[in-house]
Amino acid sequence: MFVRAKDAKSPRLIQGQALRDVTLATLVAQLLYASQAWSGFIKSEEKAKLQSVLNKTARYGFLPEWSPKTIDELLESSDITLFKAGLKKSRPRHTPTPPTS
């Protein structure tokens, strides 16, 4: 698959892994933006539209093989990532104990 990228000097084609990286950084990031806040409130029709976008993206080879295949899997992986990040940040720091005399 190829996508044309505008460059100041000359147009180039983005392909392969670079194309998949750009897709993850743009489309998937936009799908997941604040998903923890809105994912519980969307209707099944809206979820079907999001799934259609994901299906087309995967069909044309814009997503890596390891990426989630359904919108539910994508939203769940986003929730898990957020939860793990929260666990890492909320750990108490080790405070040294004062020496005993």
Please compute the length gained on full extension between Gln17 and Lys84, using 0.36 nm multiplied by the number of residues separating them and subtracting their Cα-Cα distance.
21.5 nm
Pull out a ≥ b ≥ c, the square roots of the eigenvalues of the alpha-carbon gyration tensor of region 11-84, then state rounded if a/c is under 1.5, prolate if not and a/b is larger than b/c, and oblate in the remaining case.
prolate
So between Arg59 and Tyr33, what do we pick up on full extension, going 0.36 nm a residue minus the alpha carbon distance?
7.1 nm
Rank the residues Leu87, Leu82 as a footprinting-exposure proxy: fewest other Cβ atoms within 10 Å of their Cβ go first.
Leu87, Leu82
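Values in this text are rule-based calculations from the coordinates and carry no lab data. Computed from a predicted model, the values in this text were never measured in an experiment. We place every Cβ from the backbone using ideal geometry, glycine too, and count neighbours over all the protein chains shown.
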